[in-house]
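Read-outs throughout are calculated quantities, based only on the coordinates presented, and are distinct from any laboratory measurement. Keep in mind that what you see is a predicted model, and the values were worked out from it rather than measured. Cβ atoms come from the backbone with ideal geometry, glycine included; neighbour counts cover every protein chain shown.
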């Protein structure tokens, strides 16, 4: 490695250490959140706005002590669920959270967050979307339906 490459690597490490000190989320949590945003075709800015809105609506600071950290991955899963819910209702006239006995939930566990659901919840969603082509739904909803194996 040249002196210039060494200097740039040290600089990158300092910047990363500084950012980590300001934002106490672990690398795995941030990586999981940004990967989820990318998977669902959402911009990093839209994800940041969703997290900020969550913080505002719950009165929870974005940066706090470990026991008050926002689970950014959970927030994005919940955001995706709400966007898919809205799109499905616009297309079918049925709400997958209010018009069903069993629902899909966003489950929070930092980088291990995800959707939580039963087979019954998926069957109910399949009944709601029956008669509609997958292409009728927006890309986010298509990805959501595939992830929960409703299509």
(request) Using Cα centres only, tell me the gap between region 37-62 and region 93-108 in whole Å. (result) 21
(request) Report, largest value first, the span of the C-alpha coordinates of region 86-128 along each principal axis, in whole Å. (result) 33, 20, 14
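Taking R0 as 22 Å, what FRET efficiency do you get between residue 19 and residue 46 from their Cβ-Cβ distance, rounded to the nearest 0.05?
Working: r = 21 Å, r/R0 = 0.94.
Efficiency for this residue pair is about 0.60.
At R0 = 22 Å, how high is the FRET efficiency between residue 28 and residue 62 if r is their beta carbon distance? Nearest 0.05 is fine.
On the way: r = 18 Å, r/R0 = 0.82.
That pair, residue 28 with residue 62, gives E of 0.75.
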(request) Return the distance in nm (one decimal) between the two label points of a simple spin-label model at residue 139 and residue 95, each offset 7 Å from Cα along Cα→Cβ. (result) 2.9
(request) Report, to the nearest 10°, how far helix 72-92 tilts away from the longest principal axis of the Cα atoms in the chain, using its own Cα long axis and a range of 0 to 90°. (result) 30
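I'm a student and want to see the number: the projected area of the Cα convex hull of the chain, averaged over all directions, in nm².
Taking a quarter of the hull surface, the average projection is 11.4 nm².
Based on DSSP H runs of at least 4 residues, each adding -39500 (n - 2.57), what is the mean residue ellipticity at 222 nm of the chain after dividing by all its residues, to the nearest 500 deg cm²/dmol?
Values: 6 runs with 89 residues, N = 151.
Counting only the DSSP helices, I get -19000 deg cm²/dmol.
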